[in-house]
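Asker: Below is a structure I'd like to ask you about.
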Amino acid sequence: MKFIQAKPSRLHCTQCDETYSLPQNGNIKLYKELKCPLDDFELVLWTTGTKGKCYPICPYCYNYPPFRDMRKGMGCNECTHPSCVYSLDASGVSPCVECENGILVLDETSGPKWKLACNKCNIVMKCFEDAHKVTVAGDDCEKCSSMLMTVDFNKAKNPLTDGSTQYTACLFCDPIFTSLCTDLRHARMTARRPPPRGGGRGRGRGRGRGRGKPPKDKMSQLAAYFV
């Protein structure tokens, strides 16, 4: 498979003469030689830099959506595969604090300067800087339905007072976690147009979406807090 960098950037297989479209206005690089569990295609990363968004893409799924609630041009951060470790179900945390349809997704490649990014608009939230590991836990918050997050803190920058280094809580409801989110910014990128209304978006299941958005007044308070 050959990567053609000239716009529009794309992948081309010289053996089968097949061309695969890629997202534009960013950089494409390999993703640890990891492969999609559906089609065995090697994943790539699309990124706009350290201060912007970054998410994995399966070139085949991006061009040939595997599920009815997906459309052409969706990356792994919008994939509704129920068990894939790279999908929205594995890394989605909460409805976006600004746009209507987006989900804040953990960027697992961003450590140690960890961040969450909306999979629809260009919001990026920085959090848990210098933590050793950040993951999305398997349970949701009883107060706001966002997914709980587990953080393994660096001993040199550990906010926990009981001597432990690992902590699981809600990013929006727990005061320790809330105090560690230092920035909410628009990523420096061209915003992708949101999908049209109607049609399945997989919002009936998955991370922090099954019970709808947290109350609007709470989300507006969060947005005001992080600006």
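All of the numbers you see were taken from the coordinates with simple rules; none came from a lab. Since the model is a prediction, treat every value here as computed from it, not as a measurement. Cβ placement follows ideal geometry from the backbone for every residue including glycine, while neighbour counts extend to all protein chains displayed.
Asker: Ordered by residue, what ³J(HN,Hα) values in Hz, to whole numbers, does segment 137-150 give under the Karplus form 6.51 cos²θ - 1.76 cosθ + 1.60, where θ = phi - 60° and Gly and Pro are x?
Answerer: Values per residue, Gly and Pro as x: 6, x, 10, 10, 6, 6, 8, 10, 6, 5, 6, 5, 10, 10 Hz.
Asker: Between PHE67 and SER164, what is the spin-label point distance in nm, taking each point 7 Å from the Cα along the Cα→C-beta axis?
Answerer: In this crude label model, PHE67 to SER164 measures out at 3.2 nm.
Asker: Can I ask one more? Only Cα pairs under 8 Å and at least 6 apart count here; give the relative contact order of segment 1-75 as a rounded whole percent.
Answerer: 21 percent
Asker: Follow-up. Rounded, prolate or oblate: which one fits segment 63-169, using the alpha carbon gyration tensor with axes a ≥ b ≥ c (rounded when a/c is under 1.5, else prolate when a/b beats b/c, else oblate)? Before the final figure, lay out the partial values.
Answerer: Working: a/c = 2.07, a/b = 1.99, b/c = 1.04.
Here segment 63-169 falls in the prolate category.
Asker: Then there's this: Short version: ³J(HN,Hα) in whole Hz for each residue of segment 32-44, in order, from phi by Karplus 6.51 cos²θ - 1.76 cosθ + 1.60 (θ = phi - 60°), x for Gly and Pro, what are they?
Answerer: Residue by residue, segment 32-44 yields 6, 6, 6, 10, 5, x, 7, 10, 6, 6, 6, 6, 10 Hz.
Asker: Another question about this same structure. List the residues whose amide H sits under 5 Å from the amide H of SER110, counting only those 5 or more places along or on another chain, with H placed 1.01 Å from N in the peptide plane.
Answerer: LYS115
Asker: Considering every pair of different Cα atoms, what Kirkwood radius, in Å, is found for segment 1-69?
Answerer: One decimal place: 12.7 Å for the Kirkwood radius.
Asker: Hey, another quick one. Can you flag which of LYS2/LYS126; LYS72/LYS133; LYS51/LYS72; LYS2/LYS133 are past 30 Å Cα-Cα? Mind dumping the intermediate values first?
Answerer: On the way: LYS2/LYS126 34 Å; LYS72/LYS133 32 Å; LYS51/LYS72 26 Å; LYS2/LYS133 33 Å.
Checking Cα-Cα distances, LYS2/LYS126; LYS72/LYS133; LYS2/LYS133 exceed 30 Å.
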